[in-house]
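Notes follow once the structure below has been shown.
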Amino acid sequence: MINDVVIAGGGPNGLMLACELALAGVRPIVLERLAAPSTEPKANGLLGQVVKMVDRRGLYERLSGSQGPPQSNTAYFMFAAMGLDLSLLADSPVYGLAVPQLHIVRVLEERARELGVEIRREHEVTGLTQDDDSVTVDVSGPDGTYQLSSRYLVGADGAHSVTRKLAGIGFPGVTYDRTTVRSAHATVPAEWVDPATGALNVPGYGAVPPFLPHRTERGGFSYAPLPGHSPLINTSEWDQPEPDGPMTLDELRESVRRVLGADVPLGPPAGEGPHVLRRLTSGNTRMAERFSDRRVFLVGDAAHVYAAAGGGPGLNLGLQDAINLGWKLAAELRGSAPVGLLDSYETERRQAARRMIMNAQAQSALIGPGSDITELRELFTELLGYRDNVQHLAELIAGADVRYDMGESGGHSLAGRFAPDMSLLTADGPVRLAELTRSARPLLVDLTESESLSGVLSGRHATAVDLVTARPEPPAPAATALLLRPDSYVAWATSSPHPGPEELKTLQAALERWFG
Ligand SMILES: Cc1cc2nc3c(=O)[nH]c(=O)nc-3n(C[C@H](O)[C@H](O)[C@H](O)COP(=O)(O)OP(=O)(O)OC[C@H]3O[C@@H](n4cnc5c(N)ncnc54)[C@H](O)[C@@H]3O)c2cc1C
């Protein structure tokens, strides 16, 4: 039997893709080699536009444990360890959701199972072949080896992706081996923590604000008092001799002394583990040559990886790769996909990944050693006094500056962009746009004065696209009508109170281009 989609890898991005496919009526099979989610501490949360995206799928409450909508409640952030005063911005895109990756994986796995996804743990993909009609993977499972055929295979199997290698897709980029990054959960003297600001006051050095990386001429330092753990302490240094043996807390203490020029009496971590105690001597920034090879697609770290300096963009990008691919693959399987829809996955997500590579490499360069970099940073700090520059970098960090090509329907300033949040009043009562997108279906929102779009959906669009007629609640949205793709990107918009024939023509073009 040929299945629809096999996903190699049940990490966050594979599981998110599985949820998206299931919402679109496809039943994928997830093959995951581990018996249980990895407890290796990785991401400490989600940053930027992806936080809004999880809200658009009703996952914000489950992930955060608090009620939505998400708030961009951080007034201050960092770019390459330089302050970014977000309070200058009317609407900061830098949303944060502090949850460990393990929790994200558990929530997504629970959601995927609720949606009926079959997840086979301890099943490892070891080989693949494909022809014009299908892909067959060799799988090693608890009861031996077997083959599994599907119409599509998606490699969500991480940075060392077996799928990518078996499909013969190269992974060019750079390895940074000048930097040694040391990290540990450790206690700090309670009286050093400023109760008002949360900063760590280091005698002989000064105040280190929480969560924000700090550069000195000798290296980097950060102090992150994450909830439920002893603080996470990080240092980075350049051109260090390769240390012998496993990482120790003493090694971190010495590193802190070199970087800050002051002692911080770090104690062993308190509370339940797993605790981080890690030394990394290299990082990679790489992007796959292609995000697909005929019937094989790549998402997440299998398609791109970033050195840590980029502000943790891995999940921001990867989860949105999955959301971009899911509805397109489902349409292809249903036979309703217009020509070129599946190809747009690579065009759109490569563009997003390219921005993050620039972000990661630029930040790495700007936190490097040397007095010339120190001067460059002074110049940058001056530039960061201007609101427009802060806006530009905030959008880059948040992954909110992506604008997809919407062709002839792309005339409106919102077209091609992630739809902004808005509050609406429908006949059923008040609702947030984010609540209307949870079914992951195409959505036409009519806020015009005369409900001008009521007859506009005909033929298969009448069943394939949801129409919501509503009054906007303040603040007034930037459009009177919008067509949203399932990934919440605006395929068409107008600001006219009564859209005329020309606008309705571009709306029809958008409907056909994206939904056949
Ligand atoms: C130390 C560290 C800190 C990080 N911090 C951040 C951060 O703060 N913010 C952020 O956004 N990102 C961060 N990242 C990056 C983030 O963890 C990754 O972007 C994310 O894990 C990618 O998810 P994924 O699902 O693509 O791949 P993975 O999480 O690597 O999942 C891949 C899955 O595939 C499985 N698998 C592999 N091979 C096979 C096979 N052959 N068959 C079946 N299954 C297979 C693996 O077991 C795994 O479960 C960090 C990473 C590290 C290492």
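Some notes on this structure:
- Between the listed residues Pro268, Asn324, His304, the Cα displaced farthest toward the positive end of the dipole of segment 238-325, a dipole computed from Cβ unit charges relative to the Cα centre, is found at Asn324.
- Every helix of 4 or more DSSP H residues in the chain counts as -39500 (n - 2.57), and over all residues that averages to -9000 deg cm²/dmol at 222 nm.
- The gain in end-to-end length when the Asp131 to Glu114 segment is fully stretched comes to 2.8 nm, 0.36 nm per residue minus the alpha carbon separation.
- Distance from segment 467-492 to segment 178-194 (C-alpha centre basis), Å: 45 Å
- Gyration tensor analysis over the Cα atoms of segment 1-97 returns equivalent ellipsoid semi-axes of 33, 17, 12 Å (largest first, whole Å).
- Projecting the Cα positions of Thr285, Ala22, Tyr146 onto the charge dipole of the chain (unit charges on Cβ atoms of Lys, Arg, Asp and Glu, taken about the Cα centre) puts Tyr146 furthest along the positive direction.
- Ranking Leu86, Leu59, His123 by Cα position along the charge dipole of segment 1-157, where only Lys, Arg, Asp and Glu carry charges on their C-beta atoms, puts Leu86 farthest toward the positive end.
- Size descriptor for segment 386-441, Kirkwood hydrodynamic radius: 13.8 Å (Cα pairs only, one decimal).
- For segment 42-124, size of Cβ-based charge dipole, Lys and Arg +1, Asp and Glu -1, in debye: 120 debye
- Across segment 125-239, Cα pairs under 8 Å and at least six residues apart give a relative contact order of 18 percent.
- Size of charge dipole - segment 144-301 - debye, nearest 20, with Cβ of Lys, Arg +1 and Asp, Glu -1, no other charges: 820 debye
- Percent of alpha-carbon pairs separated by more than 25 Å within segment 115-246: 57 percent
- Short to long, the 10 Å bins of the Cα pair-distance histogram for segment 46-118 hold 18, 44, 26, 9, 3 percent of all pairs.
- A viscosity of 0.890 mPa s and a temperature of 25 °C, combined with the Kirkwood radius over C-alpha pairs in the Stokes-Einstein formula, give segment 355-425 a diffusion coefficient of 165 µm²/s.
- Linear extension gain, Glu473 paired with Asp388, 0.36 nm per residue minus alpha-carbon span: 27.8 nm
- In percent, rounded to a whole number, the relative contact order of the chain is 17, using alpha-carbon pairs under 8 Å and six or more apart.
- Spatial offset of segment 206-266 relative to segment 288-350 amounts to 36 Å, using the alpha carbon center of each.
- GluC sites (Glu not before Pro) lying in DSSP loop within segment 40-143, provided at most 16 other Cβ fall within 10 Å: Glu122
- Backbone N within segment 319-361 under 18 Å of label point (7 Å from Ala509 Cα along the Cβ vector): 338-341
- Debye intensity ratio in log₁₀ form over the Cα atoms of segment 277-436, taken at each q of 0.10, 0.14, 0.17 Å⁻¹: -0.52, -0.91, -1.16
- Two-decimal log10 I(q)/I(0) for the chain, as the Debye equation yields it once each C-alpha is a single scatterer, q = 0.13 Å⁻¹: -1.32
- Modelled FRET efficiency - R0 25 Å, Thr281 with Arg354, Cβ distances, 0.05 increments: 0.40
- This model, with +1 at the C-beta of Lys and Arg and -1 at the C-beta of Asp and Glu, gives segment 122-200 a dipole about its Cα centre of some 360 debye.
Values in this text are rule-based calculations from the coordinates and carry no lab data. In this text, all values refer to a predicted model and were calculated from it rather than measured experimentally. So basically every Cβ, Gly included, is an ideal-geometry build from the backbone, and we count neighbours across all protein chains shown.
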